[in-house]
Amino acid sequence: MGVSHQAFGICLAAIAVNAGYLDMSMWFALPLASAGSLFPDVDSHHSKLGRRIYPVSALINQLVGHRTFFHSLIAWGLTTAGFYYLNTLWPDLPQQLWAALSLGHLSHLVGDMAFGGGVQLFWPYKRRIKVIPSRWSVGGLHEFAFLCIFLATTAFATGFHL
């Protein structure tokens, strides 16, 4: 699902830049949103990011589990604040770098609420929040259809070029 997370994050960033909500070049916004979209899966050693930082991801998984803390609004708020703070340390970087990363992170949460069986959005409250009650399968036809929609939307939002 990593590719779909990235495609959704990129799609939202392209729309945000095109609509004027993100004041930065597509060249910055799209890769940042893509990176941010992978961050919540730091708690899974099977994920795209988790495989690259193993054994740290395995340790995080043992401590908090998957789709719990890092898939919550608390983690999203903390990482957004952290991204914002880091962005202030380097004023030469685009001022909304933090917003593109945060948008990617948020897109991941929405994706897992649709395809991943839900997330503990209000962690430590344990109830999993789902956008679609009957869970669509990860890697299934529905996910592929949405991936195509994300790619087409991104193409239109970028004017078919970067």
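Tabulated values for the structure
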{"quantity": "Extension gain (nm, one decimal) between Tyr84 and Val131, 0.36 nm per residue minus Cα-Cα", "calculated": "14.1 nm"}
{"quantity": "Within a Gaussian network of the chain (alpha carbon springs, distance under 10 Å), most fluctuating of Ala19, Ala100, Ala35", "calculated": "Ala19"}
{"quantity": "Contact order normalised by residue count of the chain, Cα under 8 Å, 6+ apart, percent", "calculated": "29 percent"}
{"quantity": "Karplus 3J(HN,Hα) series, Hz, for segment 72-80 with 6.51 cos²θ - 1.76 cosθ + 1.60 (x for Gly, Pro)", "calculated": "10, 5, 4, 5, 4, x, 5, 5, 4"}
{"quantity": "Kirkwood hydrodynamic radius (C-alpha pairs) into Stokes-Einstein, segment 8-93, 25 °C and 0.890 mPa s, D in µm²/s", "calculated": "174 µm²/s"}
{"quantity": "Segment 25-147, dipole about Cα centre (Lys/Arg Cβ +1, Asp/Glu Cβ -1), debye to the nearest 20", "calculated": "420 debye"}
{"quantity": "In Å, descending, principal axis extents of the Cα set of segment 38-85", "calculated": "27, 18, 13"}
{"quantity": "Principal axes of the chain: Cα extent on each, largest first, Å", "calculated": "40, 39, 27"}
{"quantity": "Mean residue ellipticity (222 nm) of the chain, computed from DSSP H runs ≥ 4 via -39,500 (n - 2.57), nearest 500", "calculated": "-19500 deg cm²/dmol"}
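Only the coordinates and a few stated rules stand behind these numbers; no lab work does. Keep in mind that what you see is a predicted model, and the values were worked out from it rather than measured. All Cβ positions, glycine included, derive from the backbone under ideal geometry; neighbour counts span all protein chains shown.
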